[in-house]
1. Please find the FRET efficiency linking Leu107 to Asp221, where r is the Cβ-Cβ separation and R0 is fixed at 22 Å, and quote it to the nearest 0.05.
2. Using the Karplus curve 6.51 cos²θ - 1.76 cosθ + 1.60 with θ = phi - 60°, what ³J(HN,Hα) values do you get for each residue of segment 102-110, in whole Hz, with x for Gly and Pro?
3. Could you provide, to the nearest whole Å², the per residue accessible area of segment 52-176 with probe 1.4 Å?
4. Once the Cβ-Cβ distance between Arg191 and Asp120 is put in as r, and R0 is 35 Å, what FRET efficiency do you end up with, to the nearest 0.05?
5. Counting only protein heavy atoms and a 1.4 Å probe, tell me what percentage of segment 92-222's accessible area is made up of carbon and sulfur.
6. Whole number please: convex hull volume per residue of the Cα set in segment 86-194, in Å³?
7. What distance in nm separates the simple spin-label points at Leu208 and Glu90, each placed 7 Å from Cα in the Cβ direction?
8. Normalised by the residues of segment 38-197, what does the relative contact order come to in percent, with Cα pairs under 8 Å and at least six apart?
Amino acid sequence: MHRSVRLLLALTTSVVLLTACAPQSGQEAASPSATTPPSSPPSSTPTPAVAAQLVITIDGVEYVDGDDTATAPFEDAASVLALLEDATGELPAPVELESPPGYEIDLVRYEWNGLMVVTDAGGTGSATVTATAPTVDGVAITTDDGLAVGSSRTDVVSAGGWDVWDEDGDGIAEQVGVGHQEVEGTTSLSRPGEVGIMFVLVSLDGDLVSEIQSPSNDYSDL
């Protein structure tokens with residue numbers, strides 16, 4: 001083979017190899033030192049604010065708003081009314097209650113849409129609170145066991161509910177007690193010889209809670 005032919009073959013081979021190794025048009029050669037950039041850290045999700053709520057207990061009412069909790073005992077009606085005014089932004093005008101046959105009472109009621117307070121006309125005695133809706137002015141109403149108007153009978157039983165009164169005698173109580181607190185110096189009317197108790201009274205319409213009242217007891221006939 002002539003020297004010129006061998007030189008031509010060598011040049012042709014070099015061109016082919018260089019063409020095969022060269023990057024295609026529009027592409028860049030990969031850099032061996034290139035690395036995948038780190039992913040951005042996940043953004044933190046803010047904790048949703050807990051809605052304000054009124055909590056009905058055996059002893060009184062609590063207004064829970066974020067980290068703040070205000071408490072008013074039932075034995076201090078003025079304190080209960082002030083707490084509810086703070087929670088709802090209003091204090092309804094009192095309405096005088098008629099005395100039931102055989103009794104003379106001097107009581108008034110303060111009624112919101114979904115909540116009612118009964119106390120003496122001067123507002124200086126004790127108070128009874130009754131919830132007839134799950135909220136009042138947008139504030140949730142629950143018991144300290146988590147019960148609310150609209151809760152199921154199963155929820156009430158799970159909270160330790162016990163039968164108070166079966167009005168129609170069908171074997172299913174329409175009124176159920178939740179909680180138990182003895183009151184020294186009293187005698188139960190339904191449990192002769194035993195100390196009376198206070199509790200939260202839950203009324204049911206079928207199998208749903210329709211009303212929550214506190215305090216209730218088994219030693220008073222009114």
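The values are calculated or read from the model by the stated rules, or taken from the named source; none is laboratory data. Being a predicted model, the structure only gives us computed values, none of them experimental. Cβ coordinates were reconstructed from backbone atoms using ideal geometry, including for glycine residues, and neighbour counts include every protein chain displayed. Please note that ligands, DNA and RNA were not included when accessible areas were found on the heavy atoms of the full protein model with its side chains. Shrake-Rupley method; radii C 1.70, N 1.55, O 1.52, S 1.80 Å.
1. Calculated transfer efficiency: 0.90.
2. x, 10, 10, 10, 10, 10, 10, 10, 10
3. For segment 52-176, the per-residue accessible area is 52 Å².
4. It comes to 0.80.
5. Details: 3460 of 7030 Å².
In segment 92-222, the share of accessible area belonging to carbon and sulfur is 49 percent.
6. Once divided by residue count, the hull of segment 86-194 is 175 Å³.
7. 2.4 nm
8. On the way: 253 pairs, mean separation 23.2, N = 160.
Relative contact order comes out at 14 percent.
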